[in-house]
1. I'd like to verify a number: residues in segment 146-168 that are within 27 Å of Asp33 (Cα to Cα) and either of a type in the set (A, V, I, L, M) or part of a loop (DSSP other than H, G, I, E, B) (or both), how many?
2. Could you tell me how many of the residues in segment 169-199 are without any contact (Cβ under 8 Å) to a residue 12 or more places away in the chain, in a helix (DSSP H, G or I) and either surrounded by 18 or more Cβ atoms within 10 Å (Cβ to Cβ) or of a type in the set (Val, Ile, Thr) (or both)?
3. Name the residue, out of Glu106, Glu161, Glu150, that is surrounded by 11 or more Cβ atoms within 10 Å (Cβ to Cβ), charged (D, E, K, R), farther than 24 Å from Glu192 by Cα and at pLDDT 50 or above.
4. Hey, which of the helices (runs of 4 or more DSSP H) in segment 3-81, taking only ones fully inside, have at least 3 residues that are more than 30 Å from Tyr101 (Cα to Cα)?
5. Name the residues in segment 31-62 that are free of Cβ contacts under 8 Å to residues at least 60 places away in the same chain and open to solvent by 40 Å² or more (accessible area, probe 1.4 Å), would you?
6. Can you report the number of residues in segment 1-30 which are open to solvent by less than 80 Å² (accessible area, probe 1.4 Å), under 20 Å from the mean Cα position of the chain (by Cα) and modelled with pLDDT under 90?
7. Could you list, in sequence order, all residues of segment 119-145 that are farther than 17 Å from Thr39 by Cα, modelled with pLDDT under 75 and in a helix (DSSP H, G or I)?
Amino acid sequence: MPASSDTTLQNLIDAARAGDPLAKTALIDHASDRLLRLTRKMFHSFPQLRRWEQTDDVFTKSLLRLHRALENVEVVSVHDFFRLAARRIRYELLDLKKHYYGPEGEAKNHHTDHQPSDDAGGSIDRGLGEPENLDDWSAFHETIERLDDEGREMFDLLFYEKLSQEDAAQVLGVSVRTVKRRWQEAKRRLAEALRDTTG
């Protein structure tokens, strides 16, 4: 996103913190294109949900979650805002997975054709190996949610938002070497947690 756009977002964040009642809505509106791209990338990681939901519907529901979250969570920077947004999109997707594929879910009685995504979206880092089914994908996302703040931050920026390591370093104000170290550690912790979960 261009620096001028980030400046506008930061100005809206500052206005919201100062008590402007319209700033939070304006913030979401101004960031909507980037939020939609983020939703597409995250939705790509839940392939079986595409039989039941459309990107625009997930996007709309996630925005409602984000709007509610902004009422209770203090956002100081543009990075804080998109990190909060990524978590709300993830919550929405996990809830949809439970809705359709839980014990009473509609998908239990329907065939899923496993058609590939029609939206652009990145794949998981090759070092982790790509989950092969919905249960594994669900465990993957839920385990990310249980990582410490630094680990979730790395996945939010590098996996969900698909920033380069150089861009992530700039967002965080650290060196690329530090990002590489944190990313490797986050992947290691995720892999260990997934092994513990699956036994």
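1. 8
2. 3
3. Of the residues listed, the single one that is surrounded by 11 or more Cβ atoms within 10 Å (Cβ to Cβ), charged (D, E, K, R), farther than 24 Å from Glu192 by Cα and at pLDDT 50 or above is Glu106.
4. Per the criteria, 3-17, 23-30.
5. Asp33, Arg34, Arg37, Trp52, Gln54, Asp56, Asp57, Thr60, Lys61
6. Count: 1.
7. Within segment 119-145, Leu134, Asp135, Asp136 meet the criteria.
The values are calculated or read from the model by the stated rules, or taken from the named source; none is laboratory data. Since the model is a prediction, treat every value here as computed from it, not as a measurement. In this analysis, Cβ positions are derived from the backbone assuming ideal geometry, glycine residues included, and neighbour counts consider all displayed protein chains. These accessible areas exclude ligands, DNA and RNA; they are computed on the full protein's heavy atoms, side chains included. Shrake-Rupley method; radii C 1.70, N 1.55, O 1.52, S 1.80 Å.
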